[in-house]
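Undergrad: Pasting in a structure now, in structure tokens, and then I'll have a few things to ask.
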Amino acid sequence: MSKEVTQVPAISLTPPVSAPPSQIQSPSMPRTSRITTTPLASPMKKAIVSMRGYLEEVGHLTKHDPRDAWLPITESRNGNAYYAAFHALSSGIGFQALVLPVAFNFLGWTWGVLSLSLAFIWQLYTLWLLVQLHESAPGTRYSRYLHLADTVFGTKLAKCLAKFPTMYLSAGYCTALIVLGGGSMKLFFEIICGEGCNSRPLTGIEWYLVFICLAVVLAQLPNLNSIAGVSLVGAITAVVYCTLIWVTSVSKGRLSTVSYDLAKGKSNVDRLLGILNGLGIIAFAFRGHNLILEIQGTMPSTLKRPSHVPMWRGVKAAYLIIASCLYPIAIGGFWAYGNLIPSDGILSAMYKFHSHDVSRVLLGFTTLLVIINCLSSFQIYAMPVFDNLEGAYVHRNNKPCPRWLRSGFRAFFGSLSFFIAVAVPFLSDLAGLLGGISLPVTLAYPCFMWILIKKPNKYSAMWYINWVLGSLGMCLSAVLVIGGIWRIVDKGLYVHFFKARY
């Protein structure tokens, strides 16, 4: 992970360089030598004003490590609010939203809506904290979540607390996308081919291979800014298929035997485990915080227009759209299927209960959108892993990664994800447990980071809010992890190594 340091140039008697700070600090932009001249009226006053402005600009300057220009996340810094919205929307909504009605089955109407609303507001607040912390130290930009964690918690503690959850959110999510994307490809083929099709279909593992080959080819785009169009496609497809699924489910009406009674267990322990599993599913639906600093790192930043302004504008737009998808999916899905909803979520429920009265065109189109969204989401979640792999080479050899080696790294990660998807296809059954493990990255760590960096006045409102939310997030994470493990021990887990899920 690269370090960014502040460089304050020596003050000379010559007038300041007339160029924006983003050009002065960029290692890829040549320094201009053009000098501006002004009339000499009131020379002392103008000199004081000029010197003050110059010093303010210098205090804002960030001299990036030149090696940052060779890494995928910080290679390009010409992002904007639109790119931020595309990336945030693509990383903030996905197949986890489709499982939210299952959480309502454990929590019920009141606690389901309340838990979903509190989690949404909570994670939006911690998103704001991270956006503000991106340039919290003069002359430094924290363009990676692990860089900020390393600065706040120290190298050893950061590896323990943050590295595993963030790597899971990237690598684990990519593995889950292979399972879902490959299974959706198989289903799409069956829908298009029809019941009387004589073609020999591919096996589940072969469909996984087709998916990862397409994903690796698309992963050859060089940096995070270059996949803005891919993120836009992923965001559009996610919004469209979420809307199609809940509208179709609601329009078909409630099932005749539907019930909204809470899922009952054999004992109070079973009931408690169900509640914890429901909370874990909601927590798992709100991920993507490990990408916010990376997305903001692709933007230019000047004293007059710091990067947090367009970044927060893009985040607000993205999460307004995300809310318009999550609530209808959760509420409409639970209303339509109630206690009959499968553990896989509302998409499986639609295929199970309405495949006979919904046109094959609609089913096929929805499945195709899911496939495209999986391919698009794979790119943004894999980018931090690509950055880490290439960063190890760049910092060891002090030169950019050759194109053939960059392609090799991306093919290696794709192969590794494919192997895990084939060997351990039941990872998605651990949504509740894994939601508890990754919850601190979203809801707790940003609060502690704010306290340690910003140092708000003791017993002030911000001091209380962040201490309470951070502590509550850690406690909730511990409870969800214990509950998830307890549920696996009590209920068991159908372990099927090297057997495709679909």
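Undergrad: What's the total number of residues in the range 138-186 that are farther than 21 Å from L218 by Cβ and either aromatic (F, W, Y) or not in a loop (DSSP other than H, G, I, E, B) (or both)? Break it down stepwise before answering.
TA: If we filter the range 138-186 for residues that are farther than 21 Å from L218 by Cβ, which is where we start, we get 138-168.
Still in the running and either aromatic (F, W, Y) or not in a loop (DSSP other than H, G, I, E, B) (or both): 142, 145-153, 155-168.
Here the count works out to 24.
Undergrad: Considering L368, L303, which residue is of a type in the set (A, V, I, L, M, F, W, C), in contact (Cβ under 8 Å) with a residue 24 or more places away in the chain and more than 25 Å from V131 (Cα to Cα)? Steps first, answer last, please.
TA: On the way: L303 fails: more than 25 Å from V131 (Cα to Cα).
Testing whether each residue is of a type in the set (A, V, I, L, M, F, W, C), in contact (Cβ under 8 Å) with a residue 24 or more places away in the chain and more than 25 Å from V131 (Cα to Cα) leaves just L368.
Undergrad: Follow-up. Look at the range 314-354 and say how many of its residues are of a type outside the set (A, V, I, L, M), over 30 Å from Q132 (Cβ atoms) and open to solvent by 20 Å² or more (accessible area, probe 1.4 Å). Give the steps one after another, and end with the answer.
TA: First pass over the range 314-354, keeping only residues of a type outside the set (A, V, I, L, M): 314, 316, 319, 324-325, 327-328, 332-335, 337-339, 342-345, 348, 351-354.
Add one more test, that the residue is over 30 Å from Q132 (Cβ atoms), and what stays is 328, 332-335, 337-339, 342-345, 348, 351-354.
So of that shortlist, the ones also open to solvent by 20 Å² or more (accessible area, probe 1.4 Å) come out as 328, 335, 339, 342-344, 348, 351-353.
Total satisfying the criteria: 10.
Undergrad: In the range 96-135, which residues are in contact with a Gly (Cβ under 9 Å, 6 or more places away or on another chain) and among the aliphatic types (A, V, I, L, M)?
TA: Hits for the range 96-135 are A97, L98, V99, L100, V102, A103, L107, L127.
Undergrad: When the residues of the range 109-136 are filtered to those that are part of a loop (DSSP other than H, G, I, E, B) and in contact with a Ser or Thr (Cβ under 8 Å, 6 or more places away or on another chain), which remaining residue is most open to solvent (accessible area, probe 1.4 Å)? It would help to see each step written out before you state the result.
TA: Kept after step one, since they are part of a loop (DSSP other than H, G, I, E, B), are these residues of the range 109-136: 134-136.
Still in the running and in contact with a Ser or Thr (Cβ under 8 Å, 6 or more places away or on another chain): 134-135.
Values: H134: 0, E135: 49 Å².
So, considering only residues that are part of a loop (DSSP other than H, G, I, E, B) and in contact with a Ser or Thr (Cβ under 8 Å, 6 or more places away or on another chain), the one most open to solvent (accessible area, probe 1.4 Å) is E135.
Undergrad: Just one of the numbered conditions (1) over 25 Å from N277 (Cα atoms); (2) modelled with pLDDT under 90; (3) out of contact with any Phe, Trp or Tyr (no Cβ under 9 Å at 6 or more places or on another chain); (4) part of a helix (DSSP H, G or I) is not true of P384; which one?
TA: (3)
The values are calculated or read from the model by the stated rules, or taken from the named source; none is laboratory data. What you see is a predicted model, and the numbers here were worked out from it, not measured in a lab. Virtual Cβ from ideal backbone geometry, glycine too; neighbours counted across all protein chains shown. For the accessible areas, the whole protein counts, side chains as well, though only heavy atoms, and no ligand, DNA or RNA atoms are used. Shrake-Rupley method; radii C 1.70, N 1.55, O 1.52, S 1.80 Å.
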